[in-house]
Amino acid sequence: MSLFCCPLCDGALRREGGALRCGAGHSFDIAREGYVNLLPVQAKHSLAPGDDKTMSAARRAFLDKGWYAPLRDALCALAVELTSASPTVLDAGCGEGYYTSGIRQALEQAGKTPQVAGTDISKFILRSAARRDKEVAFAVASSYHLPLASESVELLLDCFSPLAAEEFARVLRPGGVFLYVIPAAEHLWEMKQVLYDRPYRNEEKETQYTGFTHERTVPVETEIDLPGEDLKALFEMTPYAWKTPRVGRERLLGLDRLQVRAAFRILVYRRDGILEDGEKV
């Protein structure tokens, strides 16, 4: 049985040959890389939603160098700490699967038997994710209509992806954990000083979401000394690549090297509700 549900009728999906099929007869082909497209045509807002090929390649090149390893390691530690022996894990907006795969490996190394899924709206980036880790179930899907059953997930990760709090609350079981990664105030500050005449700091806030209780915030900060090619990859994998004026872009891409602050905040939320034994969480 697949972790995913049919996006058309919400029925359970089973693998049959090279496709996932539900009892109603809806069928979804599994791509040769291993992911499945569960984004209905009517849910698309463009022909190729999400990160394009250039941004996908930049993310893969940058993250594979290990520049954001401190964030990955912090997420892995939280995943091991906050899950049961056999957790179901969802990375919503998983990108190329860097954090998804890291968490799966950390859970298994801790002696757990996880089931891990990743969803993203970009088929280009999921090709990389599926190649990275064959043990994770990847699907093209929107975070606002996740193809998973209600209360089926124990741990949900959202790392720099759109926040769909209502949908996250639906798929998380009572007592489940939601890890929400946001940029800290001075994340990539030095790069922004090069790009903009008037750089701005990111707003930091711990918002309360219906159905969740905020338990703690875990800061992760590191200094990364980036050579020119990795600086370019970092720039191209962020929204700055398409909203920066040409002059700022040229200033940045003309640099041979830049030391940049990478500063994150991991917000830890617990799903409210009642467990099967009647205990309130």
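The values are calculated or read from the model by the stated rules, or taken from the named source; none is laboratory data. Since the model is a prediction, treat every value here as computed from it, not as a measurement. In this analysis, Cβ positions are derived from the backbone assuming ideal geometry, glycine residues included, and neighbour counts consider all displayed protein chains.
Taking each residue of the stretch 44-70 that is within 16 Å of Gly93 (Cα to Cα) and looking for partners that are modelled with pLDDT of 85 or more and β-branched (Val, Ile, Thr) with beta-carbon atoms closer than 8 Å, six or more apart or interchain, yields Pro49/Ile121; Gly50/Ile121; Gly50/Ile125; Asp51/Ile125; Met55/Ile125; Ser56/Ile125; Arg59/Ile125.
Of all residues in the stretch 145-159, one or more are in contact with a Ser or Thr (Cβ under 7 Å, 6 or more places away or on another chain), farther than 19 Å from Leu107 by Cα, not in a helix (DSSP H, G or I) and not small (Gly, Ala, Ser). When Leu75, Leu20, Leu90, Leu126 are checked against the criterion of being under 14 Å from the mean Cα position of the chain (by Cα), of a type in the set (A, V, I, L, M, F, W, C) and assigned to a strand (DSSP E or B), a single residue qualifies: Leu90. The set of residues from the stretch 98-114 being surrounded by 18 or more Cβ atoms within 10 Å (Cβ to Cβ) and outside any helix (DSSP H, G or I) comprises just one member, Pro114. The criterion of being within 24 Å of Cys94 (Cα to Cα) and not in a strand (DSSP E or B) does not hold for Phe264. Quick one: which of Ser84, Ser2 is surrounded by fewer than 19 Cβ atoms within 10 Å (Cβ to Cβ), in contact (Cβ under 8 Å) with a residue 60 or more places away in the chain and assigned to a loop (DSSP other than H, G, I, E, B)? Among Ser84, Ser2, only Ser84 is surrounded by fewer than 19 Cβ atoms within 10 Å (Cβ to Cβ), in contact (Cβ under 8 Å) with a residue 60 or more places away in the chain and assigned to a loop (DSSP other than H, G, I, E, B). Close contacts from the stretch 180-204, counting a first residue that is under 17 Å from Arg246 (Cβ atoms) and a second that is among the aliphatic types (A, V, I, L, M) and part of a loop (DSSP other than H, G, I, E, B), with Cβ to Cβ under 8 Å and a gap of 6+ residues or different chains, come to Val194/Leu255.
Kindly check whether there is at least one residue in the stretch 205-223 that is of a type in the set (D, E, K, R), outside any loop (DSSP other than H, G, I, E, B), closer than 16 Å to Leu63 by Cα and free of Cβ contacts under 8 Å to residues at least 40 places away in the same chain. Yes, the stretch 205-223 contains at least one residue that is of a type in the set (D, E, K, R), outside any loop (DSSP other than H, G, I, E, B), closer than 16 Å to Leu63 by Cα and free of Cβ contacts under 8 Å to residues at least 40 places away in the same chain. Quick check on the stretch 126-136. Is at least one of its residues crowded, with 20+ Cβ neighbours inside 10 Å, touching a residue at least 24 places away in the same chain (Cβ under 8 Å), hydroxyl-bearing (Ser, Thr, Tyr) and touching a Lys or Arg at 6+ places or on another chain (Cβ under 7 Å)? Scanning the stretch 126-136, I find at least one residue that is crowded, with 20+ Cβ neighbours inside 10 Å, touching a residue at least 24 places away in the same chain (Cβ under 8 Å), hydroxyl-bearing (Ser, Thr, Tyr) and touching a Lys or Arg at 6+ places or on another chain (Cβ under 7 Å), so the answer is yes.
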